[in-house]
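Structure, as structure tokens:
The values are calculated or read from the model by the stated rules, or taken from the named source; none is laboratory data. The model shown is predicted, which means the values in this text are computed figures rather than measured ones. Counting neighbours? That spans all protein chains shown, and the Cβs are built from the backbone with ideal geometry, glycine included. The accessibility values were calculated without ligands, DNA or RNA, using every heavy atom of the protein model including side chains. Shrake-Rupley method; radii C 1.70, N 1.55, O 1.52, S 1.80 Å.
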Amino acid sequence: MINLPTSLTLYRFLASLGIVAAFVLLDSGPANLAALLFFVTGCVTDYLDGYLARRYDLTTALGRMLDPIADKVLVITALFMLASENTHGAVLLIPAALIVTRELIVSGIREFFGSDGPQLAVTRLAKWKTAVQMLSLTGVFTCNGLTGTAILPGWAADAGPGSLPALISLGLLWLAALLTLVTGSQYLHGAIMALREHTNDA
């Protein structure tokens with residue numbers, strides 16, 4: 001049975017499809033604003049599903065499996081669609097490539113160990129990494145969708161790509177990429193130590 005927290009997790013998959021559909025069906029500005037709506041609501045469910053599961057003891061094996069996958073799908077979809085616009089060039093492509101590579105490696109490590117192997121716990125830094133990713137991408141979507149519009153009086157004459165808000169958002173994306181590398185190395189080190197321990201025990 002799929003409960004409410006799991007339904008919220010599943011929404012992130014639908015939100016990812018919504019982001020793709022927005023870029024396929026709409027022009028750049030409206031596409032970014034529509035993608036922003038899907039992305040932000042998806043990010044909100046990332047908080048809500050965990051909170052509800054813990055608060056009302058609704059944690060399930062299905063939910064635990066789907067939650068990190070849904071996060072990765074949402075973030076990677078957003079990165080791919082933003083990269084497809086080619087608005088920011090290497091400034092966006094480089095951190096995007098680092099983030100996607102890390103997520104694939106960590107997923108591969110978890111798949112290698114499987115459910116019967118040692119469990120690599122999600123660290124607090126990894127949670128911060130996900131939060132910074134989501135915050136930075138929210139900013140990029142917002143700025144791309146508000147091209148030619150002041151985001152705050154006196155802050156930027158143009159809230160589009162190249163504006164101060166956009167540069168701050170891209171800076172946060174680079175910070176997320178840095179956190180991605182750090183947490184990825186932590187997972188890799190943990191996997192090597194667990195594998196070494198398992199080999200010694202054998």
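Observations on the structure shown:
- Of the listed residues Cys143, Cys43, the order by accessible area with a 1.4 Å probe, largest first, is Cys43, Cys143.
- Across the accessible surface of the chain, with the other protein chains kept in place and a 1.4 Å probe, carbon and sulfur atoms take up 69 percent.
- Karplus-derived 3J(HN,Hα) values for segment 103-113, using 6.51 cos²θ - 1.76 cosθ + 1.60 with θ = phi - 60°, are 5, 5, 5, 4, 4, x, 5, 5, 5, 4, 6 Hz; glycine and proline are entered as x.
- Relative to its Kirkwood radius, the Cα radius of gyration of the chain gives an Rg/Rh of 1.02.
- Ordering of 125-132, 22-29 by burial proxy (mean other Cβ atoms within 10 Å per residue, highest first): 125-132, 22-29
- For segment 1-69, the direction-averaged projected area of the alpha-carbon convex hull comes to 4.6 nm².
- Within a Gaussian network of the chain (alpha carbon springs, distance under 10 Å), most fluctuating of Gly63, Gly89, Gly145: Gly89
- Relative to the longest principal axis of the Cα atoms of the chain, helix 61-85 runs at roughly 30 degrees.
- Between helix 4-25 and the chain: long-axis angle, C-alpha atoms, 0 to 90°, nearest 10: 40
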